[in-house]
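Enquirer: Structure below; questions to follow.
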Amino acid sequence: MSQPALTSAGLTKAQAQIYEYLLNNKEAKANKITRDLKISRGTVYYTLDELISLKLAEKIDAPNQISRFRAEHPAVLQKIFEQKEKGLIKEKSSLSENLPDLISAFNLINNKPGVKFYEGKEGIAAVLKYMAGNFKPDTEIISFVKVLPAEFEIQTKEAFSGYIKKRIALSVKTRVVAIDSAESRELKKNDDKSLRQTRLAMAKDLPLDFPGGEIFIYGEEICSLTVDNNVYFAFTVQSKGIAQLLKAFFEVEWRLLESGETTPASSSFKSSGAESFSKTA
């Protein structure tokens, strides 16, 4: 067995050298391995301990004799390789999770809007976790929402629950303009205990023929979540100009709805059967 094959299975260079040596020698003392391979004694003992831990080598002790070492069956290498594969999958997942933040940092330092895209229910959860991780105590977040019907909400309920708990814990208040529906009226009932103010806007003229979505504006960042054709999708944009523009539209709509009554939305939306997003901010 060649050393490159052993290192590709996950062994270090020293482990591969010594394991190959043991495979070619029935048994060997540490001092003989040191002489033959011209590796320091400390490295040999340390590496032998590693090989024993990996179940690739065995230490043989006998009364009044120097310890000897021998190789275990190479089939163990398959398990080591499988563990290496699992580690790579985990590292890839970690990179995928953190790549949007790295891209955002690159864009910001180069004076470009930081844009991150997420897909699937996991993407929705990632965006909510990302926003919650950036909350500052006693601040405010505003949003436009089309509350998800129950059959879609159940898919994101856990993620939204964690997000809301974090928001309340940090006293981050929220104002919400919601498209009027049974779901949004139910949402409004829980405003007091959720540090939230919800105002309902009637929808007309333009169709909203998708299950639901929400646009959050927080500081100089916009986070958008949506479900369309059973596809969950989210993105965030770090842009002072876009955030200010959406805030301006929000404040106009908020004042129009100040009476607390349901009035036609200034954006003239037309309601379809299924209304807005989940247990929103």
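Enquirer: Would you order Leu48, Leu148, Leu208 from fewest to most other beta-carbon atoms within 10 Å of each residue's own beta-carbon?
Expert: The order, fewest Cβ neighbours first, is Leu208, Leu48, Leu148.
Enquirer: Just the number, please: percent antiparallel of the DSSP beta bridges in the range 113-270, rounded to the nearest 5.
Expert: Antiparallel: roughly 60 percent of the beta bridges in the range 113-270.
Enquirer: Cut-off under 14 Å on the C-alpha distance; same-chain residues fewer than 8 positions from Lys166 excluded. Which aspartates and glutamates are left, in chain and number order?
Expert: Leaving aside aspartates and glutamates fewer than 8 places away in the same chain, those within reach of Lys166 are Asp138, Glu140, Glu158.
Enquirer: Another question, then. Please compute the modelled spin-label separation between Asn134 and Lys193, points set 7 Å along Cα→Cβ, answer in nm with one decimal.
Expert: Label-label distance for Lys193 and Asn134, simple model: 3.0 nm.
Enquirer: Straight-line reach only, C-alpha to C-alpha below 13 angstrom: list the aspartates and glutamates that Lys55 could link to, leaving out same-chain residues fewer than 8 apart.
Expert: Partners found: Glu72.
Enquirer: Could you sort out which of Lys136/Lys189; Lys165/Lys189; Lys146/Lys247 sit more than 20 Å apart by Cα distance in this structure?
Expert: Beyond 20 Å: Lys136/Lys189.
Enquirer: Dividing the alpha-carbon Rg of the range 3-81 by 2.2 N^0.38 Å yields what?
Expert: Taking N as the residue count of the range 3-81, the ratio is 1.03.
Enquirer: Which length gain, in nm to one decimal place, applies between Asp209 and Leu256 when the Cα-Cα distance is subtracted from 0.36 nm times their residue separation?
Expert: Stretched out fully, the Asp209 to Leu256 stretch lengthens by 14.5 nm.
Enquirer: Working out 0.36 nm times the residue gap between Lys247 and His73, then minus their Cα-Cα distance, what length gain in nm do you get to one decimal?
Expert: Between Lys247 and His73, full extension yields an extra 55.9 nm.
Enquirer: Quick one: length gained pulling Glu122 to Tyr46 fully straight, 0.36 nm per residue minus the C-alpha distance?
Expert: In short, 23.1 nm is gained.
Enquirer: Given an 8 Å cut-off on Cα distances and at least 6 residues of separation, report the relative contact order of the range 3-81 as a percent.
Expert: 33
Enquirer: Taking Lys59 as the anchor, which lysines have their alpha carbon closer than 23 Å to its alpha carbon, excluding any fewer than eight residues away along the same chain?
Expert: Those lysines meeting the cut-off are Lys13, Lys26, Lys29, Lys32, Lys38, Lys79.
Enquirer: For Lys240 and Ile168, what is the calculated FRET efficiency with R₀ set at 22 Å and r taken between the beta-carbons, to the nearest 0.05?
Expert: 0.20
Enquirer: Per residue Cα convex hull volume for the range 113-270, in cubic angstrom?
Expert: So the per-residue hull volume is 109 Å³.
Read the figures in this text as sums done on the coordinates, not as results from a lab. Keep in mind that what you see is a predicted model, and the values were worked out from it rather than measured. Using ideal geometry, Cβ is built from the backbone for each residue, glycine included, and neighbour counts are taken over all protein chains shown.
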